[in-house]
Structures are given as C-alpha cells and as structure tokens.
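A quick write-up on the structure given underneath.
The values are calculated or read from the model by the stated rules, or taken from the named source; none is laboratory data. Small disclaimer: the values here were computed from a predicted structure and weren't measured. Cβ atoms come from the backbone with ideal geometry, glycine included; neighbour counts cover every protein chain shown.
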Amino acid sequence: MKDLLTIGEYEPEQLQSFINISESLQNTPQLLLAQKNILFVFEKPSLRTKIGTEAAITHLGGNVMHADPKTVFEYEEDPFGCRESLTDTVKNISQWCDAIFSRVYKHETLKEMAENADIPVINALCNLHHPMQALADLYTIQQEFGKEEKVSIAFIGDANNVSFSLIEIGLKFGHDMRFSAPVDFYWSEEQIQYFKLLEVEYGGSFFHSEDPFEAVKGSQVIYTDAFVSMGEEDILEEKLAHFKNYQVNRKLMNMADTNARFMHCLPAHRGIEVTDEVIDHANSLVLNQSKNRMVVSKGVFASLINKPAVTELELYQYNGI
Ligand code: CP
Ligand code: NVA
C-alpha cells in the first residue's frame with residue numbers, strides 16, 4: 001500500500017507492524033528518514049498532529065516542509081479560478097518530496113492527491129477519518145492492557161472522523177466497541193452495516209445505543225471527542241443542544257468499570273464534552289495519547305517512505321549492526 005488514508009484499507013498485521021516498528025524506533029532511534037523531505041499541507045489548525053509528527057520525523061533525521069494551502073494550492077485572485085489543478089500540483093511535489101502529510105476538509109481531496117502523487121499521501125485528519133489518531137489510541141490501549149487483551153471501549157459523542165477510525169481499528173483488533181450519540185448525529189445504516197461486517201470478519205463486537213449510560217456499562221475505556229468538529233462552526237448551537245446529555249462526567253464514569261480509563265484525542269472543551277474532574281483524573285490517558293501521536297508516526301513514515309525496505313525483521317537487523 002502506497003498511502004495511509006484510512007484504517008479500513010489495512011489489515012491488523014500491517015497496523016500492528018506500524019506500532020511495533022514505532023516502539024523499536026522510539027527505543028533505538030535510527031536516521032531512517034535522512035535526506036527525506038516530507039511536505040505538510042494543513043487546511044485546518046493542528047497542534048498534536050502537526051508538532052508531534054514533525055518531532056517524530058526530526059528524530060528520524062527527516063526534513064519537514066510546510067506548504068500554505070492558500071498560496072501553494074490556491075490563488076484567490078486568479079482570474080481562471082484555479083491556479084493549477086491538484087493533479088498537476090501533486091505530480092510536481094512528487095519530483096522534490098518523499099511524502100505528503102495532509103489535513104483537509106474533504107476526504108475526496110486526499111483521494112485525488114493519492115491517486116496522482118507518486119509518493120505516499122498520509123491522512124492527517126479529514127472529515128471522515130483520523131487514522132493516525134486511531135493508531136496512537138490503539139497503542140495507548142495496548143500499553144495499558146497488554147497487546148493480547150480484548151478491551152471494552154465506549155465512545156460517547158459525535159459520529160465523526162475520530163470515532164469512525166477508532167471503531168474501525170478496535171473491531172479489527174477484536175475489541176468490544178460501544179457507541180452512543182443522539183439520534184440526529186448517529187451513524188448511517190450503511191456505516192452500521194460496515195461495522196457489523198468488521199465484527200464478523202475480525203471477531204470483535206459492536207454495540208450502539210442512544211443511551212450513554214447503557215453504552216458505558218462495564219466499559220474499561222470511555223472515549224470522547226469534541227461535539228463540534230472543525231468546519232462545523234455554523235451548527236455549533238444546534239449540536240451543543242443535542243449533545244447536552246452526553247457529557248463524560250463522574251456520574252457517567254461511575255457506570256463504567258471501577259478502574260475505567262478516560263481517553264480523548266484532544267483538543268478538549270472542558271465543561272462541554274468532559275468535566276475537569278474526569279480529564280484530570282489519574283485514570284485519564286490523554287497525555288499518553290498525545291505522546292503516542294509522536295511515537296506511532298515514526299513507524300508509519302519510516303515504513304511507507306522506505307517501502308519495501310523497512311520491515312520489522314529488517315529493522316531488527318539494522319538495529320543489530
Ligand atoms: N488530536 C489531534 O489530531 O489534535 P490536533 O488537531 O491538535 O492535531
Ligand atoms: N473531530 C475533531 C477532531 C480534532 C482532532 C475535528 O475534526 O475537529
């Protein structure tokens with residue numbers, strides 16, 4: 001696979017390999033990205049994805065270049081409406097760079113980039129998916145519970161990019177995935193069918209309910225994200241009204257496993273989707289997740305850019321030299 005646009009296109013073995021290579025590179029840094037240029041193109045704000053991933057690439061000896069989408073991809077005063085097609089743009093970028101890491105409003109933009117670039121295109125978040133977050137979250141859960149343990153993970157909040165990728169990766173690893181949201185912001189019937197297919201194929205389970213108290217019952221991990229994602233500012237009031245009973249607070253946590261952990265991809269809106277008491281609790285893993293955004297980026301970039309040179313086996317051999 002040249003690109004990483006979604007979790008769905010990867011098998012569990014390949015996803016675990018990204019994590020294992022990342023662990024190895026974290027413990028024994030190697031300059032696997034020396035002389036490599038990675039272009040960051042971000043249409044939306046970012047802290048963890050931008051800085052955490054740049055830190056990872058820098059640890060591996062790579063060079064990050066930042067393209068401002070407004071001046072590189074668009075030119076507002078252009079009399080023809082579009083300075084250059086996205087296809088032509090990424091074909092040019094492929095002559096100088098070794099990968100594109102991009103955060104976009106529309107998943108279609110990433111698909112068009114990936115289809116036309118000769119270099120890997122890696123999704124830094126789009127409207128539908130956040131695969132790099134899901135990999136870091138899986139690794140965080142494996143650090144807490146062990147790599148073999150099947151865990152009950154409840155996502156309470158919006159049916160969005162973060163929850164979609166989390167449910168995908170959780171089901172691919174056989175976990176018990178649970179979900180709750182208000183009916184107007186729920187998965188489509190097609191998405192639920194897709195989760196059911198993953199359930200059958202990989203042996204996990206998918207439970208969903210509009211009742212958050214039902215969804216968290218006995219869960220070992222309670223996860224939430226912003227109720228209003230970037231790009232949805234125009235429906236902020238409407239969404240906040242619908243989600244008012246979905247806050248992760250002490251009362252909700254009390255319905256979960258007694259030692260339940262709390263997770264959030266961040267940025268968090270304290271007092272809205274989560275209370276201070278929960279996010280600042282000793283069982284909150286949010287900073288582990290944040291650190292792991294850097295750790296897990298290492299295996300992804302090293303594997304996709306050096307493909308097929310870096311496999312787990314070759315990395316161990318490389319470390320042994
Ligand atoms: N979790 C996450 O992707 O954070 P940023 O939006 O700050 O990159
Ligand atoms: N769902 C959020 C995630 C931010 C990391 C958003 O898309 O804004």
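Of all residues in segment 17-53, those satisfying the criterion of being away from ligand 1 (no atom under 16 Å from the Cβ) and free of Cβ contacts under 8 Å to residues at least 40 places away in the same chain are N27, P29, L31, A34, Q35. Taking residues in segment 228-239 that are polar (S, T, N, Q), and partners anywhere that are surrounded by 12 or more Cβ atoms within 10 Å (Cβ to Cβ), the pairs with Cβ atoms closer than 6 Å and at least 6 places apart or on different chains are S229/N160.
Residues in segment 271-281 that are within 16 Å of ligand 2 (Cβ to nearest atom) and outside any helix (DSSP H, G or I) were compared, and the one that is farthest from S163 (Cα to Cα) is I272.
Restricting segment 62-89 to residues that are outside any strand (DSSP E or B) and either modelled with pLDDT of 95 or more or of a type in the set (S, T, Y) (or both), the residue that is nearest to N292 (Cα to Cα) is G62.
Using the structure shown, decide if D176 is closer than 28 Å to Y10 by Cβ, touching a residue at least 12 places away in the same chain (Cβ under 8 Å) and touching a Gly at 6+ places or on another chain (Cβ under 8 Å). For D176, the condition - closer than 28 Å to Y10 by Cβ, touching a residue at least 12 places away in the same chain (Cβ under 8 Å) and touching a Gly at 6+ places or on another chain (Cβ under 8 Å) - is met. In segment 260-270 there is no residue that is more than 23 Å from K50 (Cα to Cα), away from ligand 2 (no atom under 16 Å from the Cβ) and surrounded by fewer than 16 Cβ atoms within 10 Å (Cβ to Cβ). Does segment 110-137 hold any residues that are crowded, with 20+ Cβ neighbours inside 10 Å and part of a helix (DSSP H, G or I), and which are they? Listed by number, the residues that qualify are L110, M113, A114, P131, M132, Q133, A134, L135, A136, D137. Across segment 211-256, the qualifying residues are those that are part of a strand (DSSP E or B) and among the hydroxyl-bearing types (S, T, Y), and the one among them that is nearest to E273 (Cα to Cα) is T224.
No other residue among F185, F179, F145 is crowded, with 22+ Cβ neighbours inside 10 Å, within 20 Å of H264 (Cα to Cα) and aromatic (F, W, Y) apart from F179.
You will find that of N161, N116, the residue that is within 16 Å of ligand 1 (Cβ to nearest atom) and either modelled with pLDDT of 95 or more or at positive phi (or both) is N161 and no other.
Entry remark, segment 228-259: residues being hydrophobic (A, V, I, L, M, F, W, C) and crowded, with 17+ Cβ neighbours inside 10 Å number 7 in total. Scanning segment 46-61 for residues that are within 16 Å of C126 (Cβ to Cβ) and either not in a helix (DSSP H, G or I) or not charged (D, E, K, R) (or both), we see that the one that is farthest from ligand 2 (Cβ to nearest atom) is T53.
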